[in-house]
1. Assess whether A:Thr203 counts as being more than 9 Å from every other protein chain (Cβ to nearest Cβ), assigned to a helix (DSSP H, G or I) and of a type in the set (Val, Ile, Thr).
2. Among the residues of the stretch B:235-249, are any open to solvent by 50 Å² or more (accessible area, probe 1.4 Å) and of a type outside the set (Asp, Glu)?
3. Given the conditions (1) within 21 Å of the chain's Cα centre (by Cα); (2) of a type outside the set (Phe, Trp, Tyr); (3) in a loop (DSSP other than H, G, I, E, B), report the number of the one that B:Asp295 does not fulfil.
4. In the same structural domain as A:Val150 (by TED's automatic domain parsing) and either open to solvent by less than 10 Å² (accessible area, probe 1.4 Å) or under 23 Å from A:Pro25 (Cβ atoms) (or both): is that true of A:Ala100 in this structure?
5. Applying the selection to the stretch A:164-186, what residues are in contact with a Gly (Cβ under 9 Å, 6 or more places away or on another chain) and of a type in the set (Gly, Ala, Ser)?
6. Can you name every residue in the stretch A:136-151 that is open to solvent by less than 50 Å² (accessible area, probe 1.4 Å) and in a loop (DSSP other than H, G, I, E, B)?
7. Pull up the stretch B:286-299, narrow it to residues that are within 11 Å of B:Ile249 (Cβ to Cβ) and out of contact with any Leu (no Cβ under 8 Å at 6 or more places or on another chain), then point me to the one that is least open to solvent (accessible area, probe 1.4 Å).
8. Can you tell me which of (1) closer than 30 Å to B:Pro65 by Cβ; (2) in a helix (DSSP H, G or I) is the one B:Gly302 doesn't meet?
There are 2 protein chains.
Amino acid sequence: MRFTVTGTEATHLGIRLVRAFTGKPVVIRFADNFRGWHDHVSFPATGAAPGIPQGVQDGMLVLPPGDIEAIHAALTTRSDIAAVMVEPTGASLGHAPLPAGFLARLRTLTTAHGALLFFDEVISGFRCSPGGAQQFYGITPDLASLAKIVAGGFSVAALAGKAGILAALDYRKTGAGAIVSPRVMHQGTYNASPVSAAAGIATLKIIRDTGAIARANHTAAALRAGMNAAIARKGINWCIYGEFSDFRIYAGAPGETATVDAIYSGAIPAARLKGGMSAELIQQLRCGLLSEGVDIAGWPGGLTSCTHSDAGVERTVAAFAAALDMMGEEGVL
Amino acid sequence: MRFTVTGTEATHLGIRLVRAFTGKPVVIRFADNFRGWHDHVSFPATGAAPGIPQGVQDGMLVLPPGDIEAIHAALTTRSDIAAVMVEPTGASLGHAPLPAGFLARLRTLTTAHGALLFFDEVISGFRCSPGGAQQFYGITPDLASLAKIVAGGFSVAALAGKAGILAALDYRKTGAGAIVSPRVMHQGTYNASPVSAAAGIATLKIIRDTGAIARANHTAAALRAGMNAAIARKGINWCIYGEFSDFRIYAGAPGETATVDAIYSGAIPAARLKGGMSAELIQQLRCGLLSEGVDIAGWPGGLTSCTHSDAGVERTVAAFAAALDMMGEEGVL
């Protein structure tokens, strides 16, 4: 296992590496899953992609999220697949969870067909566990991109993966002793920039030496429990879900059973989970929370950090209950 | 004129914007000119490009540096050119200067043929002048990428350009008042990241309110003059050149006249200027400087900042003269 520290956009560099390493041009990614803004990842499965050449789009195979059969079909019928990219928690740190057993099947499938497995751990790295989602789930990819927590929020990213793949970035000597260029050049103004690198070292020491991840997970679990209790008291068809230092608010549709079990069993489609709360409903709930002095980011839901306190949890849960009461009084629930 | 602050890789975003704005797929750039490491700009004019799909390469037309006739021919015979990208000082802040009058002709040509002019001001921005190379030369591009000095070395970048082009990044309202997505989405973890943005504000105030740029230019001019005097005393066919806060060391080939005038008149080819000092010669000169306690970065040559002192100039010039003496004694000059 090796690391390289990049300015940012480790995902872009990773896509080049999997193509260079395998000699194959096509990378699989999921529709409606955010993998960054650069050309290879930021066009939709169908429809217009202003400014992104067709030749770039042809290099990515955009499949339905979590559809293992579609990946299986692609790997068995095509010989041009370099890698499969996936956020191992499911999109946006589990906002839309992957089906049970998906990662293990994907690991087996990619290995069997000579494709690389590339995890986007930009959110999950140093959040799900000190070893990221790959440690939490026990599935080791060939390559993983990291950012955000890796330097405590300072601007830097990293690419981690099997040494043989990252070796494409090395200068090396020929038999005659001459130094030759890497297969993949990666110069860049901000690669391993000093301030960001120092922030990274400091952050990773905190992750290693303190209970920062457990603390953030504990806070989120307490938030989810408290908010779900408020929902139960109110008797509405909502639920709060999440697995790590995160909480997601889901408002069930009429006839739908909005429970944590229903969500993790796959009974509610990803598109519903990601778009299930209307902009109006979010606005009403947010106004209710703000009137109680509480704001959250990452609607519908948010992330917790190791600095959030038990008092903050209590205040947030109380504000959430009060906001539901207000919405009930106004007839919007 | 508008700005947008990006995590990094403003050049990549700029390439997408010129394609989205013009609806044309091809961008012209120069061979052997570093424009960043992402896929669109980091493959050579000919030869292997591991990991970069053919469809990406097809979107860039790589022409000989500074060849205005080649650009003219492309613009008159093709209808798919979105923009021409150029570092307005010539490659690597004038390491290989552009021909006299090149920028003015390029501005006229691109306007006449409906192509955008895109300056890479990553090095020159806030170095050549407070308004960058575009202010210094009096040639205004349609778009410019900025980094490095823009945040005093902290990791961030910016894209500046005509408001109509940057408007592709805006959310906007339809006639019915609904908010619709930008033509070009540009989400990103580190866009306008707080620490980098604060560093940027502080740096730009210093640039505006102090003589930082003039001071760095003065230092480099004093270095160039002192080093050229040492070269003249030694009677060797070298010269030191540069226009801004930079100095370049050039060792003339036998039969070549290595003077500042020869370099700026275009008498010495770009390939010679960029590769004219062998790795061995650089190693010998560097060892001589190091033995005098002086090191420089950016071989063959370097950049100065506003913090370099007159005493540093004197010491560097003396070390350079001593290194030339050592090299003469060892018979390598």
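The values are calculated or read from the model by the stated rules, or taken from the named source; none is laboratory data. Predicted model only: the values in this text are computed from it and were never measured. Here the Cβ positions follow ideal geometry from the backbone for every residue, glycine too, while neighbour counts run over all protein chains shown. Calculation scope for accessible area: heavy atoms of the full protein, side chains included, ligands and nucleic acids excluded. Shrake-Rupley method; radii C 1.70, N 1.55, O 1.52, S 1.80 Å.
1. yes
2. yes
3. All conditions are met except number (1).
4. Here the answer is no, as A:Ala100 does not meet what is asked.
5. Residue satisfying the conditions is A:Ala168 alone.
6. Once the filter is applied, which keeps residues that are open to solvent by less than 50 Å² (accessible area, probe 1.4 Å) and in a loop (DSSP other than H, G, I, E, B), the stretch A:136-151 yields A:Ile139, A:Pro141, A:Asp142, A:Ala147.
7. If we take residues in the stretch B:286-299 being within 11 Å of B:Ile249 (Cβ to Cβ) and out of contact with any Leu (no Cβ under 8 Å at 6 or more places or on another chain), then B:Leu289 is least open to solvent (accessible area, probe 1.4 Å).
8. The one condition B:Gly302 does not meet is (2).
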